[in-house]
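> Sharing a structure here in structure tokens format.
The values are calculated or read from the model by the stated rules, or taken from the named source; none is laboratory data. Small disclaimer: the values here were computed from a predicted structure and weren't measured. Backbone-built Cβ (ideal geometry, glycine too); neighbour counts: all protein chains shown.
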Amino acid sequence: MKMMMKRMATGWLVLLGYMCLAQEEEVLGSVVNIYTELKELRSLVGELSTKLHTAEADLKEQRAMVDKLNKEREEQPKVAFSAALLSSESKHHGPIDAETNLIFGKVLTNFGSAYNPITGVFTAPVRGVYYFRFSGNGFAGHDMGLSIFKDGQRMMSVYEYQSSGEQNDHASNGVTLQLEKGEVVYMRLWINTWIFIDGRYDYCSFSGFLLFPM
């Protein structure tokens, strides 16, 4: 009887040992799995951190580029003007036996002060590409011819043959010019032609603005 009980006790001890060993292996397996997952998480965090630093660097570069563009835009000269022939009454100017400069003395806008209403001359403040537009009103009974000049060179013109009766005709044109700093642009009335100056509606005008510097 004692021998049987001793064997039974020994069996229980062996079984308990196996159970403990199994539990220990299970715990060790769980620990190993947790460690593996932790390594994977660390690797993922490292990748995300690298991507975050890259995104931050890109954002910093883009912000610097935007700041540079804003600074360039603020520093870019602002040049634009519009002017009309000045008169207190409606009358015609000409005809004259020599080609003469037209002075548009009624200034509507003159950003950058590049246009001189005393001489009728526009002087380019910076090297760049500019756009100019001009118009004239021809009174019945005589021809009207207008040209825009760049440093003494005729660039673009309009011509209106004398109208019959009491009709007035209107003509306009425009041109894009590349100018060096200091080059001048102005308008001239052709020889033996006239232009009608309206003291109220400003039919005859000269305008220009800087498209972009170079």
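> Inside the stretch 136-202, counting only strands (runs of 3 or more DSSP E) that do not spill past its ends, which hold 3 or more residues that are over 19 Å from Ile103 (Cβ atoms)?
Correct list: 153-160, 169-179.
> So, in the stretch 58-83, exactly how many residues are modelled with pLDDT under 80 and in a loop (DSSP other than H, G, I, E, B)?
Summing the residues that are modelled with pLDDT under 80 and in a loop (DSSP other than H, G, I, E, B) in the stretch 58-83 gives 1.
> Now, a different point. Kindly indicate whether any position in the stretch 120-143 is surrounded by fewer than 19 Cβ atoms within 10 Å (Cβ to Cβ), more than 27 Å from the chain's Cα centre (by Cα) and among the basic types (Lys, Arg).
There is no residue in the stretch 120-143 that is surrounded by fewer than 19 Cβ atoms within 10 Å (Cβ to Cβ), more than 27 Å from the chain's Cα centre (by Cα) and among the basic types (Lys, Arg).
> Of all residues in the stretch 137-183, count the ones that are among the polar types (S, T, N, Q) and modelled with pLDDT of 80 or more.
Result for the stretch 137-183: 8.
> Among the residues of the stretch 84-135, what is the count of those that are closer than 24 Å to Asn192 by Cα and either touching a helix residue (DSSP H, G or I) at 6+ places or on another chain (Cβ under 9 Å) or not in a loop (DSSP other than H, G, I, E, B) (or both)?
Residues that pass the stated criteria total 11.
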